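To keep things clear, I will list the structure first and then write my remarks on it.
The values are calculated or read from the model by the stated rules, or taken from the named source; none is laboratory data. From a predicted model like this one, the values you see are computed outputs, not experimental measurements. Note: ideal-geometry Cβ built from the backbone for every residue, glycine included; neighbour counts use all protein chains shown. The area values use the complete protein model at the heavy-atom level, side chains included, leaving out ligands, DNA and RNA. Shrake-Rupley method; radii C 1.70, N 1.55, O 1.52, S 1.80 Å.
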Amino acid sequence: MTARRMLWLMASFAVAVGFVMLWQAVADAKLVLPLFLPGPDRAWAALVAGIENGILATKWLGTVERMINGWLLASLAGIVIGAMMGSSAAAQTYFGPFLELIRPLPASAIIPVAIALLGLSDAMVLSVVAFGALWPMVLATVHGFASVEPRLHEVGRTLGLSRWEFIRKIALPSSLPDILAGMRISLTMALVLSVVGEMLASRDGLGNWILLSARSFRAPDLFAGVILLGVTGLVSASLLSIVEGRLLRWRATR
Amino acid sequence: MSAAPRKFDGRGLLVPAGLLVLAELAFWVTGMQSDSLAPPSRVLVAGVNALADGSLILGTAQTLGSALVGVTIGFSLGLGVGIVLGMFRFLDRLLEVAIETIRPVPAIALFPIALLVFGFGYRMEFAIVAFASVWPALILSRAAVASVEPRLFEIARLLQLGFFARTFKIVLPAALPRIVVALRLTVGLALIMAVTIEISSNTIGLGNAMMQAQASLDPARMLAFLVWIGIVGWTLNALMLAAQKRIFGSILSGEAQL
């Protein structure tokens with residue numbers, strides 16, 4: 001990181017601090033009802049208290065666990081389904097249109113069906129999260145397989161690779177950028193659906209926490225939950241970027 | 001979605017049609033009565049009923065209306081900020097931390113706040129959809145402006161264009177194709193957000209109709225609304241795609257992936 005970049009980041013950080021101070025000033029001047037908008041000081045106090053007494057920390061863990069489980073499940077299934085579809089022309093012809101039909105369906109619309117089938121349970125939330133995160137993965141993998149350099153197919157044939165060997169040694173590595181991009185979209189999806197699922201099914205998690213805080217007009221607790229959700233999104237996306245950078249290092253040399 | 005237009009292949013219809021027939025047969029053979037699932041024929045009947053009693057049309061109008069108003073507010077805001085940030089890199093750098101901290105907050109997490117402020121109904125849904133729409137609009141239009149051919153800016157300087165002339169005569173036309181792609185993606189997101197809010201709590205729209213059907217143990221009606229939501233989403237996307245192709249040709253279809 002160059003010195004210039006550091007300076008810009010510091011300046012940018014100062015601007016962000018300025019916004020928080022503005023928020024504080026607005027809250028102190030009571031320009032907005034304190035019932036709706038607590039100052040950052042009160043939100044921060046609620047966040048610290050919630051983490052110290054373990055309540056908020058437990059909720060946070062619940063949400064993160066749901067998000068990661070659903071996401072990993074979806075990623076695994078999505079890559080397998082995508083690889084099967086991407087490496088077989090027959091699968092493309094038969095299942096491609098079906099996929100295109102389901103794709104624009106908002107994932108959350110599946111929630112009432114999941115409730116009808118599984119009740120208001122953890123299994124319901126997990127299946128909704130996994131279902132919603134599955135489609136971006138399938139599409140990304142199919143797209144990655146479709147854009148494998150044609151000459152690599154020839155190479156595979158020349159080397160006499162079996163279909164499985166071709167997938168493992170050529171197609172999967174070269175679709176990795178697409179797969180990782182799909183995993184990133186899936187992760188966002190998984191977080192959103194975990195929160196929605198918790199709200200509806202009253203599972204122990206941040207979604208439920210912010211809903212209950214709002215119902216009992218505990219605005220600082222509500223904002224603490226929202227901040228924690230934002231941090232979760234930010235940290236998980238950054239972690240994924242780091243992984244992406246490491247896994248795709250070979251690409252930079254191209 | 002591949003860039004090359006695929007020829008229509010009737011074999012692709014076999015799988016969905018086969019699944020439907022299989023589901024119908026399964027219900028007939030087992031004679032199953034279920035509170036959570038229904039055979040396709042009854043779903044179709046329920047769909048026709050919902051159309052006849054007007055609830056389907058009302059719900060569609062409410063959902064689409066909320067999504068479109070919300071996306072109009074959110075997209076214009078995001079577009080405006082995105083263009084300014086794309087043109088003035090120092091502003092972009094200064095706001096980096098602030099934007100990257102707020103952006104990952106899932107919009108749906110704000111709905112309890114919107115509920116406190118606005119109560120149930122349209123305004124709450126507008127607010128959440130707008131918040132969710134700001135980010136893709138901002139990020140994508142900023143990228144669109146930043147990728148405008150630098151020589152065009154030199155021409156603007158040469159012609160001594162003022163800020164507004166430069167924005168409207170040079171930057172916007174050059175970035176327009178990518179901005180339209182951004183609009184299409186954002187509209188899709190807005191529909192998803194609208195349905196999600198309705199399912200989570202709001203008392204209007206298709207999502208709410210689905211939840212009510214589920215709560216009154218009417219799976220046929222619930223599934224009819226699910227299928228309808230799918231049709232609405234698919235049609236909206238197809239319309240936007242067709243409009244985009246009509247305006248800009250097929251140059252951009254390769255960028256449709258996101």
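What to note about this one:
- Boolean, residue A:9 is of a type in the set (A, V, I, L, M, F, W, C) and free of Cβ contacts under 8 Å to residues at least 60 places away in the same chain: yes
- Test: residue in segment B:210-221 that is surrounded by 24 or more Cβ atoms within 10 Å (Cβ to Cβ), under 21 Å from the mean Cα position of the chain (by Cα), more than 8 Å from chain A (Cβ to nearest Cβ) and hydrophobic (A, V, I, L, M, F, W, C): no
- Condition check for residue B:77: under 24 Å from the mean Cα position of the chain (by Cα) and either farther than 30 Å from residue B:58 by Cβ or at the interface with chain A (Cβ under 8 Å from one of its Cβ atoms) (or both): no
- Of the residues making up segment B:16-31, just one is more than 14 Å from every other protein chain (Cβ to nearest Cβ) and touching a Leu at 6+ places or on another chain (Cβ under 9 Å), namely B:27.
- Of everything in segment B:160-203 that is over 16 Å from residue B:108 (Cα atoms) and open to solvent by less than 20 Å² (accessible area, probe 1.4 Å), the residue that is farthest from the chain's Cα centre (by Cα) is B:167.
- Only a single criterion out of (1) over 28 Å from the mean Cα position of the chain (by Cα); (2) hydrophobic (A, V, I, L, M, F, W, C); (3) open to solvent by 80 Å² or more (accessible area, probe 1.4 Å) is not satisfied by residue A:90, namely (3).
- Residue in segment B:231-238 that is within 20 Å of residue A:193 (Cα to Cα) and in a helix (DSSP H, G or I) present: yes
- Restricting segment A:203-254 to residues that are among the aromatic types (Phe, Trp, Tyr) and assigned to a helix (DSSP H, G or I), the residue that is farthest from residue B:109 (Cα to Cα): A:250
- Checked against the criterion of being open to solvent by 30 Å² or more (accessible area, probe 1.4 Å), more than 30 Å from residue B:93 (Cα to Cα) and within 14 Å of chain B (Cβ to nearest Cβ), segment A:39-52 contains not a single residue that satisfies it.
- Looking across segment B:114-150 at every residue that is touching a residue at least 12 places away in the same chain (Cβ under 8 Å) and not in a helix (DSSP H, G or I), the one that is surrounded by the fewest Cβ atoms within 10 Å (Cβ to Cβ) is identified as B:149.
- Residue A:140 falls short on exactly one of the conditions (1) under 18 Å from the mean Cα position of the chain (by Cα); (2) away from every other protein chain (no Cβ under 14 Å); (3) touching a residue at least 60 places away in the same chain (Cβ under 8 Å), and that condition is (2).
- You will find that of B:34, B:66, the residue that is farther than 30 Å from residue A:82 by Cβ, within 14 Å of another protein chain (Cβ to nearest Cβ), part of a helix (DSSP H, G or I) and hydroxyl-bearing (Ser, Thr, Tyr) is B:66 and no other.
- Residue, farthest from residue B:200 (Cα to Cα), within segment B:86-101, restricted to residues that are open to solvent by 20 Å² or more (accessible area, probe 1.4 Å), aliphatic (A, V, I, L, M) and at the interface with chain A (Cβ under 7 Å from one of its Cβ atoms): B:94
- Scan of segment A:96-127 for residues that are in contact with a Gly (Cβ under 9 Å, 6 or more places away or on another chain), within 30 Å of residue B:10 (Cβ to Cβ) and open to solvent by less than 20 Å² (accessible area, probe 1.4 Å), ordered by number: A:96, A:106, A:107, A:109
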